Every structure is written in structure tokens, then in C-alpha cells.
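Below: the structure, in C-alpha cells.
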2 protein chains.
Amino acid sequence: MAILRIDGAHILTMANGNTDIHDGWTLEAVDGEITYVGPLEDLDPAGDPDESIDASGCLVMPGFVNAHTHTAMTLFRGSAGDMELQPWLEEKIWPIEARLTDDDVYWGSMLGFAEMLLAGVTCVNDMYYLPRVGTRAAMDCGIRMCPSGVILGIVPNAEDMLAEALQFTAEFAARDDLCIHPMLAPHAPYTCPRELLEQVVETAVEMHVPIHIHLAETEDNVRWSLDNYGARPVQAMERIGLFDARVCAAHCVHLDETDIEIIAERGVGVAHCPGSNLKLASGMAPSQSLVQRGAHVGLGTDGCGSNNNLDLLEEARLAALISKVREDDPTAVPAETALCMATLGGARAVFLDDCVGSLEVGKRCDCIVVDLDAPHLFPRHSLVSHLIYSAHASDVRDTIVDGRVVVRNRVLQTLDLDETVARAQESAERLFA
Amino acid sequence: MAILRIDGAHILTMANGNTDIHDGWTLEAVDGEITYVGPLEDLDPAGDPDESIDASGCLVMPGFVNAHTHTAMTLFRGSAGDMELQPWLEEKIWPIEARLTDDDVYWGSMLGFAEMLLAGVTCVNDMYYLPRVGTRAAMDCGIRMCPSGVILGIVPNAEDMLAEALQFTAEFAARDDLCIHPMLAPHAPYTCPRELLEQVVETAVEMHVPIHIHLAETEDNVRWSLDNYGARPVQAMERIGLFDARVCAAHCVHLDETDIEIIAERGVGVAHCPGSNLKLASGMAPSQSLVQRGAHVGLGTDGCGSNNNLDLLEEARLAALISKVREDDPTAVPAETALCMATLGGARAVFLDDCVGSLEVGKRCDCIVVDLDAPHLFPRHSLVSHLIYSAHASDVRDTIVDGRVVVRNRVLQTLDLDETVARAQESAERLFA
């Protein structure tokens, strides 16, 4: 039995999306499961802690959920910025992705996980090539992951890709690993023919795994869908039965009222990616309307090719800021809503809210300790406002995943950062040579 | 004679806005003036350095210029977010500002300067009450400042306010301090009657000091100007001769083509404040068009009441990101342009580009050392892209103002951070009690 204790903290549990903060509380976890959150005096300890964290004066809160990314694409960070989407993909990204080795994906993933863990991301929903390799990296460094092998229906090796993705997901679904939660990832409606999508839905329902897909990211996507399905992307997908499976849809930028209604009513998870959507000039998603209708909205960084970082706190800030100008309303997506998106909202969007996203007894212990000593976090009018509008990723001091301390005092405990950086740099140099 | 040497760095001089990076260069400054930037082997040293910085593997670049803020408003950080502008001002800000003491402004300013220096801001253009107090704080901690006492023409004590501001500016203009560059700050066209503005212009020209003013921040500002001057804000100010003085105009969100032409032709400095403009739902400024027309565009954080931090790197990222979606063009405001805005562009916007903004022989030595070790700065495809799209304020390791090391290894050398935080917290608690 492994006991973790965190004492003396301001604790934000995010239970039911509530952002109240409790001072001087204690958290206990046994074998990775939260067994107590509350005042120290009411704790009936499970035993002497094996691992103990003094969080006096710090904030303890749920770890961030990165609801959409392609982690190994850290290798592409800064390789080709400020470009149009199609030339960027066709000239810069695809030719190099075709040459990726296992080593590239492993060290690219490790570099991304290192960055995320240091920034307080405890759970990541990932769609990429060679999912076995990325998953091995996640298990090695101890981040919670929803892995999926990307499925493209319009490439020469489509059948192999599908078979490999299905086999990977079946295998990991059967394992019932506490930290690996596989999905199936048809890339997008415009890259996966209808029959393929229907087959994926059927398999996802059979395997009890969710689907991870790009949806309504650009105006081009909408035009394509109108041309090919006679309906906008969300409505087209509703019509072919996609939402009979649990679906986490990344982007959802271009939605009309009917689309928003469908997303809310069918329980579709939304991975809102404001940074990527701005950088690629895709647009600003109607996250305020989605939240108001009760949709489950989380946040994603997207891949480092188009962001260019994996900082979920920055995504939360962007979500709050751009909604105000999009809606012409400074009260849109307030700090509390953005913070919920970054944690419980993300857990809901990836269908893990019975497991993580808030600090409640019975859930797995994914949490972070935020150092509140920096001048940009004073004076202390509102910690929630400070988190969203002023905190930096570097204010995260400790990161705990499934009860395991993976970052302590800003140092990664589960991977060698120097080796990771060096190996990722080597891969990048070889790929771009 | 005080000699500073920085060795072994990647140096980005930003001379003429060029963002090339030179590896393994050396910088020397004597009594605060840059005497050498170039390869070590070509240096003819002025003598043994009194202060020496090993910047091996780091990036050395000009410090950031915060071209528009109200520093002491750090006391308001997080006190009232996610609100409409008018109720925010009328219910939350103005009643408290009316009670500000010297101590409040001093410690509020110190807290803001601490945050800025740690984040690599070396020069700040400040408009606020009790300018003598804020300036004393700047001199105590060693940040470069363009101070000005705000002038409001529509308050009961308008005459006193004007007299105090004029006297302050006259006094500091006469001092010719190397680090204090006073301005005159009529708040905005809608708060300063025409006669007052004309008087300020005349005085500014006589004193050889620039003017710092809010301009075209909101749609309401435009309506007010059309109603009262029969012209949009920039055109109205052109008509009354405001630009006969050198003017740094904050915000400039709502501009038409004629406005942009006037700004470019009259050499008006623009302090673009994307974070504040998003948070208050003011809009997105046409910074891409301004730059294309040759206007001098810098970046400002605005006050912490409406931002809520003083992180200029974040403003640079926002400037790059929002321009892409505003222009529907992912190539708008590329990383190089945003980085120039944050440094040389800001120096131009506050009329200090003969003094700072780039690392060139003869300029004052305001520079920062950026630690490049963090995983979010790998792989090394493009450092300029990494700075704008991925770096954190916390990557700044050392900050040098006028040849003086004010931050070393992320520790402030010129102020007691614990005392500053405690005194600012006390002020905030008293003001908001």
C-alpha cells in the first residue's frame, strides 16, 4: 500500500466545476486513489505516508487535461511557422512524417511529455502515428494518456493503417491499464470515407472506447462537407451515426446553432484549441455558446507544429481572452469557466471524468502544486483570476499522476531531461537534414 | 569606469529590426554604454570587467520595452475581472484610486517593476497618479522609465492635476537623468478638452518631451469623437495639432485607412496592447497594416487591472496570434515582426530608439539573457519562433538596465522581493477593506 499525503495547501477541488478554494486542507491518496480531501483535523490517516509533500502557502488543484494533441510533433516546433496551412502540411510536415522512425516518435513524445508534466499537464489525449511507441514513452515517464493511432482513409496504405490502429486499441482496451485509456482516431471527415467512419463507430461501440477526430476546424472543412455530404460537418456526422459512439471532437471552430445543439445533446466532447486556431488563422470557436448549452468543453494545445508549445494554462488564458472579443462581451468565458475547461471540462471531453478532472474521494490522484510566491500572483484578490490571467506554466512546482510524484520542485523524476532533449534534437536534425 | 562583459552568447542585436542571431559573440559596456558587440577575437577590451556574465548557450537580446502601462495598478490585479468597462471603472477602480497614498503607489509600482524586471522588461512607459512616487520606485530598483502624471480635464481638481504634472515633467526634463525620460500625459481626447490638449502640445514642444495618450481604444471613443469633433479620434487629433508634438498613442484599436496613414506619416508611436484589448473586449488593432505602412508599433501591457500581468513576451505572442485571425492570414505579423515590436519597435514608439531597443555600439546597455535549456525551447529550428510562440517570461535569467545587472540568475538584485510583496499586499488589503 503506497500512501501519498499533501498538507497545508489551499485546495481547489473543482468538484462539480466549483472553483471555491479551501485553505489549509490535506489530501491523501492510497495506491493512486484519492481517499481524503478536507481539513487536517478530520483526517483518519490510512497510515504513515510513503511520500509526503508540504504544500504550505501553495495551491493544490487537479492537473490539466490536454484534450487534443499530437505529442511527437514537438520535433516540428518552430520548423515552419507563419505559413498557410496547405503548403505547411504538404511541403513541411507530410514529407517528414513519412520518414519518422520509432526512435523519432519515442523521443519526440518524451520531449513533449517532459514539457507537459513540468507545466502541470497530467493527462493527454494524443492522436498520432506509431501509437505503440508514444504509449511506451507515456508509460515510461508516467503521464496519463489517451493514445490512438491516426486512421487515414485516403492514403495508399490505408488498410494497413486501419488494421494497425484497431489492433493497438483492442490490445490496450483489453489491458485495462490505470493510466492508458485508448481511443480510435479517424483523422477527419474529409480524410475518412463514410464506410470507414461507420466501421470505426461500430468497432468503438464494441470495444467501449471513445473516438477522437478533427471536426469543423476550418471554413474549408465546412465547404467540403457541404459539397460531399450536403450538410455541415457536425450535422453530416450526426447523420451517419458518428455520435452513436462517444466522440471527442477537436477544434469545432465553425459551428452553427444546430451544430452546437447536436454537440450538447449527443454529449460530444469538444477539444477547444484556441492557440492553434489563431496561429493557423482557422478562426475563433464559439466556446461561450457551447458551455452555455451544456456541452463538455476541454482545451487542447494541438501539435507543436502549429502552436508551438504544450502549455495548457496558456490555452485557458487564450480561451478566456478571445471569447470576450468574439462575443463583444468582457464577461464571456470568465476565469472560473476557463479553469474548469482546463481540468474537469477536459476530463469530460475525453470521457475520463469518473476517473480524473477533480480532486474527490474515489477518483485517481492527478494533481498539481502551484507555487504562489511569484510577484505576478500578488496581491491576493482572487487566485482563480490569477491562475487564468497571470500565472505561468513555470509556477507549477510539483506534478502528481495517479498518485505518483512525477515532478518535484520543478525537476522531472521519471525521465532524464538532458538525454531527452539531446535525443529529440538529434532526431530533428536527421529528419530536417 | 565600470565595465560589464557578457561572453559566449547567441546575440540577437535587433539592429535596424534585423533578427539574425550571431553565435558565440561578446558584448561589452562601459559606464552603461555599449562599446562592443561582436566576435570575442575582435574585441579590444576596455579593461578588466567589473561585472562579468557567462552566457554560454544562452540568448542575449535587447530588453523588452513596455510601451504603455499604469504600473501601480498591480494593486488591482484580479480585484475585479470579467466585467464591463464602465462599471469596472466606476464601481471598482475610481473610488479606490481616489484614496491612493504615496505608500500605495510606491509599493504598487515596486511590485510591478519586480515582475517586469524578472520578465525581461527593461524600459516602461508609465502614466499614473503621483508620478514623483512611481519615479522614485523606478530609480530605487533601476528600471528605465518614461514617467508622466496623468492629466484629466474633466475632474474637479483638474487645474491642480495639470500644474502638478507640468511641474513634475519640467523638473525631470531638466535633470537629464540617463534612465528617467519624462513625458506629458493628457489621458485621452474624451477626458481632456481641446484647449487643454493644445496647451499640453505647446508645453511638450517647448520642453522637448513626448506626449503619452490613450487613443481610439474603443468603439465608444470613436462615437464620442465623431459627436464632439466631427471626426474619428486620430483625424480629430491631427486637426487640432496634437501630432505637432511627438506622440505615443496607446491602443489605436479602431482605425480606418486615413487614421493609419496619419499615424505613419506623422511618426506617431503606437503602443499596441492586445491583452488588454481582448480582455476588455475592445477589439483587435490593425497592427499588421500599421507595420506595413511603416508606423512605429510597440507593445504595452496596459495596467494590471485589465490584463492582468506585465508580461511583454505574452503581449508579443498575442500580437502575432490575433493578427492572423484578424487578417484571415497565417502569415500576418510573423515572429520576427512581433519580436521587433517588443524591443526596437517599442523604443521607437516611446522615442528612445537612439538610446535603447537594439544592441549597438553607442546605445545604452539594456539587455536580457534568456536561458534556452527548457524543453519547450527544443528542438532548435528557430530561436526567434521559439521566443514568440513558446518561451515563457521565466526563461529570462538575467536582466541588465543601463549596464547594471538588476536580475541575476532570476533573483532581483535591487529590491527586496519579500518586503515588496508584503507591502503591496498590505496596501491592497487596506484599499479594498
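Listed values, structure above:
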| item | result |
| --- | --- |
| The range B:287-352 and the range A:52-101: distance between their alpha carbon centers, rounded to Å | 24 Å |
| Sparsely packed GluC sites (Glu not before Pro) within the range A:82-120, loop by DSSP, other Cβ within 10 Å at most 16 | A:84 |
| Cα-derived Rg over Rh, computed across the range B:180-334 with Rh taken as Kirkwood radius | 0.96 |
| Gain in span if fully extended, residue B:418 to residue B:258, counting 0.36 nm per residue against the direct Cα distance | 52.6 nm |
| Hull volume in cubic angstrom per residue (convex hull over the Cα atoms of the range A:85-151) | 95 Å³ |
| Top of B:110, B:237, B:341 by mean-square fluctuation, Gaussian network on chain B, Cα under 10 Å | B:237 |
| Inter-label distance for residue B:41 and residue A:202, nm, one decimal - labels placed 7 Å from Cα along Cα-to-Cβ | 7.1 nm |
| Förster radius 56 Å - calculated FRET efficiency between residue A:433 and residue B:178 (Cβ-Cβ, nearest 0.05) | 0.70 |
| Percent breakdown of C-alpha pair distances by 5 Å bin, ordered from the shortest bin, for the range A:276-334 | 4, 18, 28, 27, 16, 6, 1 |
| Approximate spin-label separation residue A:266-residue B:244, in nm, with each point projected 7 Å along Cα-to-Cβ | 6.7 nm |
| Relative contact order, percent, the range A:64-349 [alpha-carbon distance under 8 Å, six or more residues apart] | 21 percent |
| Fraction in percent of alpha-carbon pairs per bin - 5 Å, the range A:181-253 | 3, 18, 31, 27, 13, 6, 1, 0 |
| Alpha-carbon centroids, the range A:1-41 and the range B:104-137: separation in whole Å | 38 Å |
| Amide H partners (placed H, <5 Å) of residue B:212, local residues excluded | B:184, B:185, B:248 |
| Crossing angle, helix B:219-229 versus chain B [Cα axis fit, 0-90 degrees, rounded to tens] | 50 degrees |
| Inter-copy spacing of residue B:256 label points, which lie 7 Å from Cα along Cα→Cβ, given in nm from shortest upward | 3.3 |
| Extension gain, residue A:223 back to residue A:426 (0.36 nm per residue minus Cα-Cα distance, nm) | 69.0 nm |
| Gyration tensor (Cα) of the range A:64-349, equivalent ellipsoid semi-axes in angstrom | 25, 22, 19 |
| Helix B:158-175 axis, angle to chain B major axis (alpha carbon atoms, nearest 10°) | 30 degrees |
| Those lysines that a straight Cα-Cα span of less than 25 Å connects to residue A:92, excepting residues fewer than 8 apart in one chain | A:279, B:324 |
| Straight-distance crosslink candidates among aspartates and glutamates, where the alpha carbon sits under 17 Å from residue A:363 and sequence neighbours closer than 8 are dropped | A:28, A:31, A:33, A:176, A:177, A:353, A:354, A:402 |
| Cα centroid separation - the range B:160-197 against the range A:365-433, whole Å | 44 Å |
| Using a 7 Å Cα-to-Cβ projection, residue A:17 label spacings across copies, nm, ascending | 4.6 |
| Alpha carbon convex hull of the range B:242-299, projected area averaged over orientations, nm² | 3.6 nm² |
| Check: the range B:286-433 dipole with +1 on Lys, Arg Cβ and -1 on Asp, Glu Cβ, in debye | 240 debye |
| With Cα atoms, 0 to 90° folded angle of helix A:312-327 axis to chain A main axis | 70 degrees |
| Stokes-Einstein D (µm²/s) once Rh is taken as the Kirkwood radius of the protein assembly as shown over alpha-carbon pairs, at 25 °C in 0.890 mPa s | 89 µm²/s |
| Averaged over A:272-282, number of beta-carbon atoms from partner chains that fall within 10 Å | 4 |
| Efficiency of FRET from Cβ geometry, residue A:361 and residue A:94, R₀ 45 Å, rounded to 0.05 | 0.45 |
| Helical contribution to [θ] at 222 nm, DSSP H n ≥ 4, -39,500 (n - 2.57), averaged over the protein assembly as shown, rounded to 500 | -10500 deg cm²/dmol |
| Contact order relative to length of the range B:285-338, as percent, for alpha carbon pairs under 8 angstrom and 6 or more apart | 30 percent |
| Label spacing, shortest first and in nm, from residue B:362 to its equivalents in the remaining copies (7 angstrom along Cα→Cβ) | 7.4 |
| Overall Cα dimensions of the range A:301-348, principal axis frame, Å, largest first | 31, 22, 14 |
| Cβ-based exposure ranking for A:14, B:1, in which fewest neighbours within 10 Å come first | B:1, A:14 |
| Taking N as its residue count, the alpha carbon Rg of the range B:143-229 over 2.2 N^0.38 Å | 1.14 |
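Read-outs: derived from the displayed coordinates by stated rules, not from any lab. This is a predicted model, so every value here is computed, not measured. Here Cβ is always computed from backbone atoms with ideal geometry, including for glycine, and neighbour counts include all displayed protein chains.
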